Amino acid sequence: MRLALNTYVYEVAGWNIEDTLKSARKMDFRYVEYAAHRSGNPLGWDQQKRRSVISQFKDAGLACSQLLLTDVEHLASSDEQKRASAMEYMKKVTEFLLELGGKQVLVCWGCGVLETGVMPERSWVLAVEALREYGTWASRRGVLVSLELDPHVYFIVNNTFRMAKMLEDVALPNFFANVDVGHLCITREAPAALQKYGDQMIHVHLSETDTYAHTNSILGTGAADFRSYVDKALELGIERNCTRVEEPCVAGIEMGESSIPVDDPERWVRQSLEHLARVLPEMTR
């Protein structure tokens, strides 16, 4: 299993995407989890900027192990126009992923949020329909779709049971579960809970928590037990799963939360690498 740099922490710090990619190269990362957010969101770029970022990414020898679809809050909205806007974002950003040379996306926001006045069952059905539409479109382009469990009550997928159920209901072969350690610590789900995913587990996020809040702070400054979850994922065959779909087996260093200032993302990355060198010394960039 290799380590990847998640660019979200740079977005929270207000860096532009060009400087973020320079930092990834300087810190000797090969794999990057690219957050299509703020400066990294290609929607609205002109063709010159698009070509420049893609060229910089490839010239730096970077590989996109996962692209984060971050602007999907309204994926399961009861407002048809909001759902359509989320779908347009997902498809257009996925086309950018293919230009980068990657083939895996992550659907963030727990596959959507619950709405006041809307029955949760209705939100679930809308999420399934939207994901199935997007997943069918993505499959024709060779794109793998990972789903993220977000750990709070207002997310549609907020525990491993609902993740497994969503995968079952969408029922597409290019759908998988993303394992976020910090999120599982918040939901009090031990590593054994990963057994629900079977062979539908192909990516890991190493994120931090104080056990109550999704802090996404520097790794090692909270309560997340990275060793036990990584060991369980390996025991359950995550590397074999990745080989089957011809993807590298990667764990991304995910940090940054919009409500918590990031003074220096490079310092955050360096300190996290120092912690990982102690608890997961076999993992390399």
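Gaussian network model of the chain, Cα springs within a sub-10 Å range: biggest mean-square fluctuation belongs to which of SER228, SER85, SER259?
Comparing SER228, SER85, SER259 in a Gaussian network model of the chain, the most mobile one is SER259.
For the range 190-285, what is the accessible area per residue in Å² when the probe is 1.4 Å?
Averaged over the residues of the range 190-285, the accessible area is 44 Å².
Considering only protein heavy atoms and a probe of 1.4 Å, how much of the accessible area of the chain is carbon and sulfur, as a whole percent?
49
Can you tell me which of 203-212, 158-167, 114-123, 52-61 comes out highest on packing, and rank the rest after it, using the mean Cβ neighbours within 10 Å?
203-212, 158-167, 52-61, 114-123
For a test of the definition: using alpha carbon positions, the gyration tensor, and the 1.5 limit on a/c, classify the chain as rounded, prolate or oblate.
Rounded is the answer for the chain, as its axis ratio a/c remains below 1.5.
Please sort 146-153, 43-50 by packing, taking for each peptide the average over its residues of neighbouring beta carbons within 10 angstrom, highest first.
The peptides rank, most packed first, as 146-153, 43-50.
At what distance in nm do the modelled label points of ASP46 and ARG2 sit from each other, each positioned 7 Å from its Cα along Cα→Cβ?
Taking the two extended label points, one gets 3.5 nm.
Can you give the log10 of the normalised intensity I(q)/I(0) at q = 0.11, 0.13 Å⁻¹, computed with Debye over equal Cα scatterers of the range 155-285?
-0.39, -0.55
Can you give me the Cα centroid spacing of the range 199-258 and the range 164-196 in angstrom?
Each part reduced to its Cα centre gives a spacing of 12 Å.
Among all the lysines, which ones have a C-alpha under 30 Å from LYS92's C-alpha, if same-chain residues fewer than 8 places away are not counted?
LYS22, LYS26, LYS49, LYS58, LYS82, LYS103, LYS165
Express in nm, to one decimal, how much length is gained between ARG278 and LEU234 on full extension, taking 0.36 nm for each residue of separation and deducting their alpha carbon distance.
14.0 nm is the gain from fully extending ARG278 to LEU234.
Which percent, to the nearest 5, of DSSP beta bridges fully inside the chain are antiparallel?
5
Working out 0.36 nm times the residue gap between LYS92 and ASP28, then minus their Cα-Cα distance, what length gain in nm do you get to one decimal?
Contour length minus Cα-Cα distance gives 20.1 nm.
Quick one: the Cα spread of the range 211-285 along its three principal axes, in angstroms, biggest first?
Here the Cα extents, ordered largest to smallest, are 40, 25, 25 Å.
Please state, rounded to one decimal and in Å, the Kirkwood hydrodynamic radius that the range 1-109 gives when every pair of distinct Cα atoms enters the mean of 1/r.
Averaging 1/r across every pair of different Cα atoms and inverting gives 14.2 Å.
Rolling a 1.4 angstrom probe over the protein heavy atoms, how many square angstrom per residue are accessible across the range 105-158?
It amounts to 41 Å² per residue over the range 105-158.
The values are calculated or read from the model by the stated rules, or taken from the named source; none is laboratory data. Being a predicted model, the structure only gives us computed values, none of them experimental. Note that each Cβ is placed from the backbone with ideal geometry, even for glycine, and that neighbours are counted across all protein chains shown. For accessibility, only protein heavy atoms count, side chains too; no ligands or nucleic acids. Shrake-Rupley method; radii C 1.70, N 1.55, O 1.52, S 1.80 Å.
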